[in-house]
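Before any comments, here is the structure.
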Amino acid sequence: MDEPNLFSQDEGEARGEAPLAHRMRPRSLEEFAGQQEILSREGSLRQAIEADNIPSMIFFGPPGTGKTSLARVIARESSAAFRQVSAVSSGVADLRKVFAEARDELAFHGRRTILFVDEIHRFSKAQQDALLPVVEDGTVILIGATTENPYFEVINPLLSRCELFQFTALEGAEVSSLITRALTDRERGLGDLELTISDGALEAVIRASAGDARAALMILETAASLVPAGHQGELPLDAVERAINRKPVFYQKDGDLHFDAISAFIKSMRGSDPDAAIYWLAVMLVGGEDPRYIARRMLVFASEDIGNADPEAIRVASAVAGAVEFVGMPECRINLAQGVAYLALAPKSNTSYKAIDTAMRHVEREGTRRPPEHLRDASYPGARQLGHGRGYKYPHDFPGGWVSQRYLPEGLEGLELYRPQERGFEKELARRIRELKKGADSDV
C-alpha cells in the first residue's frame, strides 16, 4: 500500500530527482492544464474543491490527462487527511488498515480522509464491495481514477455513491502551454538549460503526444537529453524526432477502447467508408484483438446491415472467418482487410434484421399460435386422422413451382415482416414479392 508524503515528494521533484512529468505536476488549480469543462469556476467540482466539501468521485479518461494530478491538487487544497493506494498492489487487508486509520482520524482529530485509488478498475468485486460501507457512512471520501469506462469496470452500488468526471485529451494549445512552462521553469523544469523550441518541433511533440501531457513531457525531456552538453538556444528538430518513439497503443481487449473501436469499425462499414473501417481494423489488430472476434462481428454485420441487398456479403464474411481460422495472424490481416472493403462498399439493407426482431416481438407479445392444419406434421401414424396436412398444396405440382395458400396462423393473414428495399439485389426480391402478391390476389 502506498501512503505518500506529498511534501517529501515535492522536495525530491524540486531537486530534479524525479522525471520531468512528475516534477511538472500542478501544485494548484491555477497550474492545472486541461479539463476546463469540469474545472470551470462555475462548475460543481471547482466549487466543491474551493469550499473543501469534496464528494466521493471517480475520474475516468485517457492516460496523461491529469486524473492523478488533480487528486494531488485536491489533497493540497483540502483539510482532509490523504491516503493513496494502488489497485495493482493493494488488497482488502490494505484497505481495512486505511479504514481503521480514517476512523481514528475522524474520532480524534475531526478530520475526514480522502482515499485516492489509482487504477480502480483493477480492484476485484470483493475489494470494491469493501469500499461501499465506508463511502456510504462518510468514513472516507473516495477518489478513484481509471482509464477505463467505469460503467463496465466499477460495480453499480459504488458508482451510485460517486460523482463521475470524464477527462479528455488535452488540446494542442494546452500541451503547447505545458511545454513552454517546462522549458522556462528553473525550479522544476528545464529552465536552467536555456532551451527554446521551434514551431515545427513543438507541433511534432503535440502531434506525437496526442493530448497526453505525460507523453509530451517525456518526449521533451528525452529530446533535451539528446542535445550536446552546454547547447543553448533552439532544441533541434532531429532531437525531437529521435525522442518520438512509436506511439504506444492504449488498447485492452476487455477495456473501453475495445468497445469503442469495434463500434467505430461497425459504424464505418455501415456508413460505406472503407478507409475508416480498415483504420479501425488496424487499431484492433495492432492492439492485440483476437481476429476471430473481428471475423464474428463481420459475419453478423453481413446479415444485419447488408442482408439480401448483396447475398454475396454473407459468403464473403464466411470465407474471411474461415481464412482467419486456417491462416491466423499476421497473414489473415489481409483476408480481413479484403472482407472489410467488400462489406463497406456493399449496398446496405437491414430488412432481415428488422424482420426477425419484429417477428420475435410479435411472438413475445401475442404468444405462439398453432400452424394451419394443412401445414402441420403429417408424417407420423394417426396424424391424418387429426387433420394434419389436409388440403396442403405441394408447390412443385403447380406451374412455376408456386401456389397460393395460407402459411401464417389464423388471424395473422396479411402480416408483413420482410419488406425488401429498392436497392441492390433486394430490388429483385421486392419485384418477386409484388408478383407473388398479384398472383395471390387473382386467386381470391
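Any read-out appearing in this document is the output of simple, stated calculations on the displayed coordinates, not a laboratory observation. Just so it is clear, the model here is predicted, and its values are computed rather than measured. We place every Cβ from the backbone using ideal geometry, glycine too, and count neighbours over all the protein chains shown.
Provide the net charge surrounding L159, with neighbours chosen by a C-beta distance below 14 Å and charges set as Lys +1, Arg +1, Asp -1, Glu -1.
The answer is -3.
I'd like to compare 23-31, 210-218: which one has the highest average count of other Cβ atoms within 10 Å, and what's the full order after that? Let's see the in-between values first.
Working: 23-31: 16.8, 210-218: 21.9.
Result, highest mean first: 210-218, 23-31.
Find the relative contact order for the chain and round it to a whole percent, using C-alpha pairs within less than 8 Å whose residues are 6+ positions apart.
The normalised contact order for the chain reaches 11 percent.
Given 10 °C and 1.306 mPa s, compute D for the chain with the Stokes-Einstein relation, Rh being the Kirkwood radius over Cα pairs; round to the nearest whole µm²/s.
58
Give me the compactness ratio for segment 256-345, meaning the Cα radius of gyration over 2.2 N^0.38 Å.
0.96
Under a Cβ-Cβ cut-off of 11 Å, what is the net charge of the residues other than I54 that fall near it, where Lys and Arg count +1 and Asp and Glu count -1?
On the way: positive: R112; negative: E50, D52, E77, E163.
Taking every Cβ under 11 Å from that of I54, the sum is -3.
Considering only the other residues whose Cβ falls under 9 Å of the Cβ of R72, what net charge follows from Lys and Arg at +1 and Asp and Glu at -1? Provide the component values of the computation, followed by the final result.
On the way: positive: R25, R27, R76; negative: none.
Value of the local net charge: +3.
Using modelled amide H (1.01 Å from N, peptide plane; none on Pro or chain starts), what sits under 5 Å from the amide H of S78, excluding residues fewer than 5 places away?
Under 5 Å from the amide H of S78: no residue qualifies.
Cut-off under 27 Å on the C-alpha distance; same-chain residues fewer than 8 positions from K125 excluded. Which lysines are left, in chain and number order?
Here the lysines satisfying the reach criterion relative to K125 are K67, K97, K253.
For an R0 of 51 angstrom, estimate the FRET efficiency from the Cβ-Cβ distance between A378 and Y279 and round to the nearest 0.05.
Details: r = 56 Å, r/R0 = 1.10.
E between A378 and Y279, to the nearest 0.05, is 0.35.
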